[in-house]
């Protein structure tokens with residue numbers, strides 16, 4: 001397609017991206033780059049600002065099943081949650097290819113447009129799987145609250161797991177990296193932007209449970225088989241900052257930011 005190239009500016013949402021896809025095909029334009037709300041607006045190409053249109057986004061979303069099949073649709077929806085550099089351009093390239101070839105495109109791993117997206121989604125799902133076991137919650141006034149610092153936007157993948165695991169609890173899980181939080185309560189849930197996350201000092205009962213967990217973790221370790229490299233293989237070090245068993249200091253005084261769980 002020999003279409004004119006434009007720099008697309010949008011709100012950073014998935015619906016916004018799908019609106020960009022609709023606009024590109026409708027105007028016969030080739031997005032040269034995608035700029036979110038927090039990205040530098042300078043570009044070498046003419047800029048087009050695309051306002052999110054839910055109806056247009058739904059039309060593109062429905063086309064994913066028809067044109068790409070369930071696996072292709074999964075690559076697109078999950079791909080948007082990854083930390084892949086220039087992910088929108090990668091998704092755009094994959095969509096163009098998929099609309100031409102159909103559902104079989106997902107099996108063409110020799111094509112870099114497919115392989116790079118598949119690898120990014122694999123990294124996303126693996127990180128979400130690890131965080132199902134590495135996430136720690138603390139009781140905060142009757143609510144279970146936790147923090148994570150993932151590379152990918154994993155909250156949508158973690159939501160079904162923790163909502164099912166704690167169906168009767170009020171649940172708060174904060175993503176430090178992307179400044180958003182998952183809230184679950186009585187079967188209802190929402191993922192909302194949240195620039196800051198600050199909690200008061202836990203009650204003494206919660207502090208006692210944390211200490212019990214640390215003591216259990218230390219007690220079951222076998223000194224003669226201590227192998228830090230093996231532990232980091234099964235429990236990557238970058239997750240330790242939010243895991244209770246690796247924290248030896250209590251939270252600061254009320255009003256301060258809560259230390260990692």
*When the helices in the chain are scored as -39500 (n - 2.57) per DSSP H run of 4 or longer and the sum is shared across all residues, what 222 nm value do you end up with, to the nearest 500 deg cm²/dmol?*
-14500 deg cm²/dmol
_Among 241, 16, 133: highest mean-square fluctuation, GNM of the chain, C-alpha pairs under 10 Å_ = 133
_Springs between alpha-carbon pairs under 10 angstrom, Gaussian network model over the chain: which of 137, 246, 216 fluctuates most?_
216
*Compare 226, 166, 99 in a GNM of the chain, Cα atoms joined below 10 Å, and give the one with the largest fluctuation.*
226
*Starting from the Cα-Cα distance between residue 234 and residue 164, subtract it from 0.36 nm times their residue separation and give me the gain in nm to one decimal.*
22.7 nm
*Could you list the square roots of 5 times each eigenvalue of the Cα gyration tensor of the chain, that is, the equivalent ellipsoid semi-axes, sorted largest first and rounded to whole Å?*
41, 21, 17
*Provide 215, 136 in ascending order of the number of other Cβ atoms located within 10 Å of each residue's Cβ, fewest first.*
215, 136
_Neighbour-count order for 175, 139, fewest beta carbons within 10 angstrom listed first_ = 139, 175
*Relative to the longest principal axis of the C-alpha atoms of the chain, give the angle of the C-alpha long axis of helix 204-220, reported between 0 and 90° and rounded to the nearest 10°.*
90 degrees
*region 82-151-region 43-68 distance, computed between alpha-carbon centres (Å)*: 19 Å
*region 29-78 - Rg and Dmax from Cα coordinates, angstrom*: 13.9, 37
*Rounded to two decimals, what ratio of Rg to Rh does region 128-213 give with C-alpha atoms and a Kirkwood Rh?*
0.95
*Roughly what % antiparallel, to the nearest 5, for the DSSP beta bridges in region 135-246?*
70 percent
*When the Kirkwood radius is taken over all Cα pairs of region 22-139, what Stokes-Einstein diffusion coefficient follows at 10 °C and 1.306 mPa s, in µm²/s?*
100 µm²/s
*Ranking 135, 125 by Cβ neighbours within 10 Å, fewest first, what do you get?*
125, 135
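Only the coordinates and a few stated rules stand behind these numbers; no lab work does. Fair warning: this is a prediction, and the values are worked out from it, not measured in the lab. In this analysis, Cβ positions are derived from the backbone assuming ideal geometry, glycine residues included, and neighbour counts consider all displayed protein chains.
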